[in-house]
Amino acid sequence: MKTIALKLSTGEELIARVISDTTDYVIVSHVRVVGLHQDSQGRVGVGMTEYSLTNTDAEVKIYNQHIVCKYETSSEAERSYITATSGIALA
């Protein structure tokens, strides 16, 4: 499955695996929200949180009218995403 990033009209940036992409909507799974996070030492960095707290691996239909843009993620972001969603640490 292909991993993509989506920027929504709400301002949220998502990273997810594409299940299906049509002219009206995209169906994605393992959706994570990308955002800034602060660690215990006060350092700020980019992190990911679950989009759905009740089903973190759910298939989600997002209508194209709410998507500002779709794009490929950086290889570093994709590696972090794969590690977070599968537990497999990539080199």
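The values are calculated or read from the model by the stated rules, or taken from the named source; none is laboratory data. Keep in mind that what you see is a predicted model, and the values were worked out from it rather than measured. Please note: Cβ atoms are built from the backbone with ideal geometry, for glycine as well, and neighbour counts cover all protein chains shown.
Against the numbered list (1) of a type in the set (Asp, Glu); (2) more than 12 Å from Arg17 (Cα to Cα); (3) over 11 Å from the mean Cα position of the chain (by Cα); (4) surrounded by 11 or more Cβ atoms within 10 Å (Cβ to Cβ), Asp57 comes up short only at (2). For segment 41-51, residues that are surrounded by fewer than 12 Cβ atoms within 10 Å (Cβ to Cβ) and either closer than 17 Å to Arg17 by Cβ or at pLDDT below 90 (or both) total 1. Just for segment 1-55: of the residues that are among the basic types (Lys, Arg) and part of a strand (DSSP E or B), which one is nearest to Ala84 (Cα to Cα)? Result: Arg32. Total residues in segment 69-91 satisfying the condition of being farther than 15 Å from Asp21 by Cα and either under 15 Å from the mean Cα position of the chain (by Cα) or assigned to a helix (DSSP H, G or I) (or both): the figure is 14. Note on segment 66-91: residues that are in contact with a strand residue (DSSP E or B) (Cβ under 9 Å, 6 or more places away or on another chain) and farther than 14 Å from Ala5 by Cα total 3. Condition check for Val60 on (1) part of a strand (DSSP E or B); (2) touching a helix residue (DSSP H, G or I) at 6+ places or on another chain (Cβ under 8 Å); (3) modelled with pLDDT of 95 or more: one failure, at (2).
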